[in-house]
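Structure, as structure tokens:
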Amino acid sequence: MSGETAKDLMSSGARCIEAHETLDRAAQVMRELGVGALPICGSDDRLKGIITDRDIVVKCVAAGKDPSKVTAGDMATGLVWVTADATVGDVLAKMEQHQIKRLPVIENNRIVGMISEADLARHLPDDQLADFVHRVYAKA
């Protein structure tokens, strides 16, 4: 595992939802792709944040808002990312520091992939994965 970078860990081809798209559309895209989070990009194709299925449920639906009227940009949170050449240690540290389970990967100022817990599970030794899970969930 030594020498691996964020690019080695990530799932490539992250599909953005544009900031002007509604949350019901974001939920449909998540369902189509089988993912629980989408990066939010502006018309300039730059990362503006990330939205999760939990954000849609808790911050929109449970708050009595209409997901067909609230935009992804309205809910954009978590402008946390790593560069494609970041080390595995840097990736884990950033995810632990921000208590996040998904992390966008940027290369040449564009999103090139996402790192999720499933990606970590495929690449990390069991003891390192267990340590990561403990650190992220213990503070949650």
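Taken together, the values in this text are just the output of simple stated rules run on the coordinates, not laboratory data. Computed from a prediction, not measured in an experiment: that's the story for all the values here. Note that we place each Cβ from the backbone using ideal geometry, even for glycine, and neighbour counts take in every protein chain shown.
For the stretch 4-82, give the share of DSSP beta bridges that are antiparallel, in percent and rounded to the nearest 5; count only bridges with both residues there. Walk me through the numbers on the way to the answer.
Numbers: 7 of 9 bridges.
Within the stretch 4-82, antiparallel bridges account for around 80 percent of the total.
Rounded to the nearest 0.05, what FRET efficiency do residue 45 and residue 8 have when you use their Cβ-Cβ distance and R0 = 25 Å?
After rounding, the FRET efficiency stands at 0.55.
What distance in nm lies between label points placed 7 Å from Cα along the C-beta direction at residue 138 and residue 108?
4.1 nm
With N residues in the chain, what two-decimal value do you get for its Cα radius of gyration over 2.2 N^0.38 Å?
With N residues counted in the chain, Rg over 2.2 N^0.38 Å equals 1.05.
Place a +1 charge on the Cβ of each Lys and Arg in the stretch 56-101 and a -1 charge on the Cβ of each Asp and Glu, then give the dipole magnitude about the Cα centre in debye, rounded to the nearest 20. Walk me through the intermediate numbers first.
Numbers: 5 positive and 5 negative charges, 51 e Å.
Here the stretch 56-101 has a charge dipole of around 240 debye.
Measuring from label point to label point, each 7 Å out along Cα→Cβ, what is the residue 68 to residue 20 span in nm?
2.0 nm
For labels at residue 87 and residue 32 in the simple 7 Å Cα→Cβ model, what's the distance in nm?
It is 4.0 nm.
Which residue fluctuates most in the GNM of the chain (Cα springs below 10 Å): 39, 104, 125?
Top of the fluctuation ranking is 125.
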